[in-house]
Amino acid sequence: EVQLVESGGGLVQPGGSLRLSCAASGFTFTNYEMTWVRQAPGEGLQWVSYISNSGSTIYYTDSVKGRFTISRDNARNSLYLHMNSLRAGDTAIYYCATYGLGSRYYFNYWGQGTLVTVSS
Amino acid sequence: QSALTQPASVSGSPGQSITISCTGTSSDVGSYNLVSWYQQHPGKAPKLLIYDVSKWPSGVSNRFSGSKSGNTASLTISGLQAEDEADYYCCSYSGSSAPYVFGTGTKVTVL
């Protein structure tokens, strides 16, 4: 069974940092490109970042460029999102997800999400 | 990159069919047959329903079907059931530096 389990969310002050983790199991992690998608409270979904199978190709949505860093450890079957200079607008549930097998055009498996709250 | 436009809400009675539209531009929906649809129940993670405009992932009911015409994609739910009450989001590849744009979301109510 495919499982993606996020952790690392919590309450942080504006300007602070957090590192989110996503532990993957039940599938061959290296076969999948990965992503982070977030959802502000009561709002819709927003794509945040993409990382290729090897980690050599990375993309970010404009609002997080220079502040967030996506990475993966294929030996540990884990995905990460390092978030710096956090703002109130970053408050959201952060989901990790796989892309389709061999296709980076849709989000196939999703974790349950971890809540990040940026507030003083 | 602006969000794709979806109706805020759609409703129907059990057994009926409903259609949710997803309107983008010639830079996203209109340029690529790469629209996907997601179902999200309250407090749950999104679930993939349709990819590449009209393809079903394994395990998804064929009561859900997708199509596209020009800059507008559509999701049709046939034989509406109480369990279909949820939020639905479309998403399109846009080929830009921020290549994935979601729709505004549609709340489906089963009357």
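The values are calculated or read from the model by the stated rules, or taken from the named source; none is laboratory data. Keep in mind the model is a prediction, meaning the values are calculated, not measured. Quick reminder, even Gly has a Cβ in these numbers, built from the backbone with ideal geometry, and neighbours come from all protein chains shown.
When segment A:81-119 is examined, which residues are found to be modelled with pLDDT under 95 and not aromatic (Phe, Trp, Tyr)? Once the filter is applied, which keeps residues that are modelled with pLDDT under 95 and not aromatic (Phe, Trp, Tyr), segment A:81-119 yields A:100, A:101, A:102, A:103, A:104. Pairs are defined by a Cβ separation below 7 Å, a sequence spacing of at least 6 or placement on different chains, a first member in segment A:27-38 that is within 13 Å of chain B (Cβ to nearest Cβ), and a second member that is of a type in the set (Gly, Ala, Ser) and assigned to a strand (DSSP E or B); the pairs so defined are A:35/A:49; A:35/A:97; A:36/A:49; A:37/A:97; A:38/A:92. Considering each of B:104, B:76, B:23, B:109 in turn, give the residue that is more than 12 Å from every other protein chain (Cβ to nearest Cβ), buried (at least 17 other Cβ atoms within 10 Å of the Cβ) and of a type outside the set (Gly, Ala, Ser). From the options B:104, B:76, B:23, B:109, the qualifying one is B:23. Here residue A:5 meets the list (1) more than 14 Å from every other protein chain (Cβ to nearest Cβ); (2) surrounded by fewer than 16 Cβ atoms within 10 Å (Cβ to Cβ); (3) in contact (Cβ under 8 Å) with a residue 60 or more places away in the chain almost entirely, failing just condition (1).
Residues of segment B:34-44 that are facing chain A (nearest Cβ under 9 Å) and either in a loop (DSSP other than H, G, I, E, B) or among the small types (Gly, Ala, Ser) (or both): B:34, B:36, B:44. Selection of segment B:45-65 for residues being within 8 Å of chain A (Cβ to nearest Cβ) and not in a strand (DSSP E or B) yields B:45, B:46, B:52, B:57.
Which of the residues belonging to segment B:79-90 are out of contact with any Cys (no Cβ under 6 Å at 6 or more places or on another chain), of a type outside the set (Ser, Thr, Tyr) and buried (at least 18 other Cβ atoms within 10 Å of the Cβ)? Reasoning before the result, please.
Going residue by residue through segment B:79-90, those that are out of contact with any Cys (no Cβ under 6 Å at 6 or more places or on another chain) are B:79-89.
From what is left, the residues that are of a type outside the set (Ser, Thr, Tyr) are B:79-87.
Within segment B:79-90, B:80, B:84, B:86, B:87 qualify.
Against the conditions (1) without any contact (Cβ under 8 Å) to a residue 24 or more places away in the chain; (2) surrounded by fewer than 16 Cβ atoms within 10 Å (Cβ to Cβ), residue B:99 satisfies every one except (2).
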